[in-house]
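Read the structure below first, then the notes.
The values are calculated or read from the model by the stated rules, or taken from the named source; none is laboratory data. Please read these numbers as outputs of a predicted model, since none were measured by experiment. Glycine gets a Cβ as well: all are built from the backbone with ideal geometry, and neighbour counts include every protein chain shown. For the accessible areas, the whole protein counts, side chains as well, though only heavy atoms, and no ligand, DNA or RNA atoms are used. Shrake-Rupley method; radii C 1.70, N 1.55, O 1.52, S 1.80 Å.
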Amino acid sequence: MADKQISLPAKLINGGIAGLIGVTCVFPIDLAKTRLQNQQNGSRLYTSMSDCLIKTIRSEGYFGMYRGAAVNLTLVTPEKAIKLAANDFFRHHLSKDGKITLFKEMLAGCGAGTCQVIVTTPMEMLKIQLQDAGRIAAQRKLMPETVAAGTVETKSPTAMQITRQLLREKGIAGLYKGLGATLLRDVPFSIIYFPLFANLNNFGKRGAEGPAPFYVSFISGCVAGSTAAVAVNPVDVIKTRLQSLTRGNTEDTYAGVTDCIRKIMRNEGPSAFLKGAYCRALVIAPLFGIAQVVYFLGVGEFILSFLPKKDK
């Protein structure tokens, strides 16, 4: 974000708009990431991101690549708004005379990552069920040996059906399954991303006080986002596996984070923790690059300028 002071409503609008644009652009890659991460030995349908997307279009049509997009588009606005606004809030209160140390930048990122999981966890929980439904359906057709005998093919559930079922069976805790893994992913991500972006962006500033050009903010957001995404990908694999409710007959189930780590190491090896890493980098880089450009352009401030101003 630029160093200029931005009001909280403008921050929320900027974060929300950036999230909506970014998700629309990169959602098919995110779907491929989820399906690749959920593949286990003996039930591999896809060899790569491109193979996954091609097979998805063939079996589910073009809009099959957007399974779960409605959930993301609905919840990404508050999620991105909380993340970006919280980081700005913590940076402002931790800075002294406009200057902030690297440690305090990381502390601000930690606060932002912790705040966002309120929305991130249920959003990811629902999105993963919807994204992975096509993979399970394809297994039934192409790899029937991986599906339990007598299993009846059912229609793909909707987000509301999944939500009602989880609330009925497990209460609000059902939507927050994988909360620990989400924290383990999002807190380190924010600790890496926000300080790295701020320092990269500072290199491109016009003079000591001037803002960086928009293309510098975009590139800085892309580089910082992809770096942080790859760094926390092992935890993202764990989170995806823990939050997946439907599995093939030959696929492992997990009791928690440590059980998941142990079984992945034993059955798939360390390389499994890097599944979908390049997909995740391709998703996160433009998401945060776009977010920084939206902030730079002041879209939120522009929208708010049309609202009637209160007389003092």
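Each row is one residue, and each column tells you yes or no for (1) over 14 Å from the mean Cα position of the chain (by Cα); (2) at pLDDT below 90; (3) over 26 Å from GLY210 (Cα atoms); (4) not hydroxyl-bearing (Ser, Thr, Tyr).
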| residue | (1), (2), (3), (4) |
| --- | --- |
| VAL71 | no, no, yes, yes |
| LYS99 | yes, yes, no, yes |
| LEU102 | yes, no, no, yes |
| ALA108 | yes, no, no, yes |
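Quick one: in segment 249-282, of everything that is among the basic types (Lys, Arg) and free of Cβ contacts under 8 Å to residues at least 12 places away in the same chain, which residue is nearest to ALA32 (Cα to Cα)? I'd like the intermediate steps shown before the answer.
Taking segment 249-282 and keeping what is among the basic types (Lys, Arg), we get 262-263, 266, 275, 280.
Imposing the further condition that a residue be free of Cβ contacts under 8 Å to residues at least 12 places away in the same chain reduces the set to 262-263, 266.
On the way: ARG262: 24, LYS263: 23, ARG266: 24 Å.
Ranking the candidates gives LYS263 first.
Yes or no: ALA81 buried (at least 21 other Cβ atoms within 10 Å of the Cβ) and under 19 Å from ASP186 (Cβ atoms)? Spell out the reasoning first.
On the way: buried (at least 21 other Cβ atoms within 10 Å of the Cβ): yes; under 19 Å from ASP186 (Cβ atoms): yes.
When the stated conditions are applied, ALA81 passes them.
Scan segment 61-71 residue by residue and report those that are touching a residue at least 60 places away in the same chain (Cβ under 8 Å), open to solvent by less than 50 Å² (accessible area, probe 1.4 Å) and assigned to a helix (DSSP H, G or I). Before you say what the answer is, go through the steps one by one.
From segment 61-71, those touching a residue at least 60 places away in the same chain (Cβ under 8 Å) are 64, 67-68, 70-71; that's our starting set.
Cutting the leftovers down to open to solvent by less than 50 Å² (accessible area, probe 1.4 Å) gives us 64, 68, 71.
Within segment 61-71, GLY64, VAL71 meet the criteria.
I'd like to verify a number: residues in segment 165-181 that are farther than 15 Å from MET123 by Cα and in a helix (DSSP H, G or I), how many? Spell out how you get there, then give the answer.
Narrowing segment 165-181 to residues farther than 15 Å from MET123 by Cα: 165, 168-171.
Imposing the further condition that a residue be in a helix (DSSP H, G or I) reduces the set to 165, 168-170.
The total comes to 4.
Return yes or no: is PRO9 touching a Leu at 6+ places or on another chain (Cβ under 8 Å), in a helix (DSSP H, G or I), in contact (Cβ under 8 Å) with a residue 24 or more places away in the chain and surrounded by fewer than 18 Cβ atoms within 10 Å (Cβ to Cβ)? Full working, then the answer.
Numbers: touching a Leu at 6+ places or on another chain (Cβ under 8 Å): yes; in a helix (DSSP H, G or I): yes; in contact (Cβ under 8 Å) with a residue 24 or more places away in the chain: yes; surrounded by fewer than 18 Cβ atoms within 10 Å (Cβ to Cβ): yes.
So PRO9 passes the test.
Output the residue which, of all residues in segment 210-263 that are open to solvent by less than 40 Å² (accessible area, probe 1.4 Å) and β-branched (Val, Ile, Thr), is modelled with the lowest pLDDT.
Restricting to residues being open to solvent by less than 40 Å² (accessible area, probe 1.4 Å) and β-branched (Val, Ile, Thr), the top hit is VAL216.
Just checking, does segment 72-79 include any residue being in contact (Cβ under 8 Å) with a residue 40 or more places away in the chain, in a loop (DSSP other than H, G, I, E, B) and within 26 Å of ILE172 (Cβ to Cβ)?
no
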